[in-house]
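What follows is a set of notes on a single structure, which appears directly below.
Each value in this text was obtained by applying a stated rule to the coordinates, not by laboratory testing. Given the structure is predicted, the values throughout are model-derived calculations rather than measurements. So basically every Cβ, Gly included, is an ideal-geometry build from the backbone, and we count neighbours across all protein chains shown.
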Amino acid sequence: MDTHQIMSLPVLRIGVTGLNGRMGQMLALSIASSSEAILAGGTSRSPTGNSSCPCFQSIDELAAVSDLIIDFTHVSTVINHARTLEKAGKAWVLGTTGLSEREQAAVNQAATHIPVVQAANFSPGVTLALSLAKKMGAALPASLYDAEIVEMHHRQKVDAPSGTALAIGEAVAEGRGVRLSDVRESGRDGHTGPRGDNAIGFAALRGGQIVGEHTLLFTSGTEQISLTHKAFDRRIFADGAVRAALWLREQPAGLYGMEDVLGL
């Protein structure tokens, strides 16, 4: 898309679920800094705001005033949001993690009718790290290299391993031609016995206000290779999600990832 085409596009009206939450506030700042988008409104358990940025209690009301929804809310909302946005015909940028097979199926179904960007992490750096993790998994076989993923987040984080850590594990597994569910090993405690020969291991650390740190380790009997990403500010996730939203508005129905947004 050339510069003339971008400038001729109408301003994108973005709705944000959970607008008064931590990520919602970051998304509002990122949208405000864009010349190509405006904040159409958001959902909130306690409606607040003004005429320029209304807050609603339902996704239906938000979809009615938005061109696209950015959604980082709880996994319990995914099925309802998928059905609502599919029916409304509104594009969806989804950053919620920890989906069950049923919830993912609802996302996949919605993507047959609307464009959806789904990612565990919207950081360009993490997206590149996932691409490298897949290549490393293919080049460093499980018979020679043990793969371990170590992550650390702020003390308020409720899920472990993180969605990003699991995405890294999925990338390694894909590179090795296996299913992560078949080789995942996490939560080691007590007398666990020796490490599984083909395992992809996970360790989750929590403390302070760490935004997010992930390290992928490949260790053999003769060497170790590590790939590390550290996020210093949550704004990187919000900026990435807005970047995805602006890219998504010109795409047909389908399920996309951040690798598509970056053209990898």
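Where the alpha-carbon atoms of region 76-123 are placed on the principal axes, they occupy 26, 23, 16 Å, in descending order.
Amide H contacts under 5 Å for residue 114: 254, restricted to partners 5 or more places along the chain or on a different chain, H placed in the peptide plane at 1.01 Å from N.
Just checking the listed ones, 191, 229, 74: in the Gaussian network model of the chain with Cα springs under 10 Å, the one fluctuating most is 191. Normalising the average separation of contacting C-alpha pairs (under 8 angstrom, six or more residues apart) by the number of residues puts the relative contact order of region 136-264 at 31 percent. Between residue 251 and residue 33, residue separation times 0.36 nm minus the direct Cα-Cα distance comes to 76.2 nm. With R₀ set to 25 Å, the beta-carbon distance separating residue 156 from residue 220 gives a calculated FRET efficiency near 0.10. Equivalent-ellipsoid semi-axes for region 149-264 (Cα gyration tensor, √(5λ), whole Å, largest first): 29, 19, 13. Straight-line cross-link partners of residue 157 among the lysines, defined as a Cα under 19 Å from its Cα and at least 8 positions apart when in the same chain: 230. Each residue, residue 104 and residue 188, gets one label point 7 Å from its Cα in the Cβ direction; the gap between the two is 2.5 nm. Structural descriptor for the chain: relative contact order 20 percent, calculated from alpha carbon pairs under 8 angstrom and at least 6 residues apart. Rg/Rh for region 64-193 (Cα atoms only, Rh after Kirkwood) is 1.02. With the convex hull drawn over the C-alpha atoms of region 53-104, the volume per residue is 77 Å³. I want to verify a result. In a Gaussian network model of the chain, Cα cutoff 10 Å, which of these has the top mean-square fluctuation: 146, 239, 182? So, out of 146, 239, 182, the one fluctuating most is 182. What's log10 of I(q)/I(0) for the chain at q = 0.11, 0.12, 0.16 Å⁻¹, Debye sum over Cα points only, no solvent? Once normalised to I(0) and log-transformed, intensities are -0.64, -0.75, -1.21. For the chain, the antiparallel share of DSSP beta bridges with both residues in that region comes to about 35%. In this simple spin-label model, placing a label point 7 Å from the Cα along the Cα-to-Cβ direction at both residue 76 and residue 45 gives a separation of 0.9 nm. Database remark: amide H of residue 41 closer than 5 angstrom to the amide H of 16 (H placed geometrically; neighbours at sequence offset of 5 or more, or on other chains; Pro and chain starts carry no H). When the chain is treated as a GNM with alpha-carbon contacts under 10 Å, the residue of 137, 95, 190 showing the greatest mean-square fluctuation is 190.
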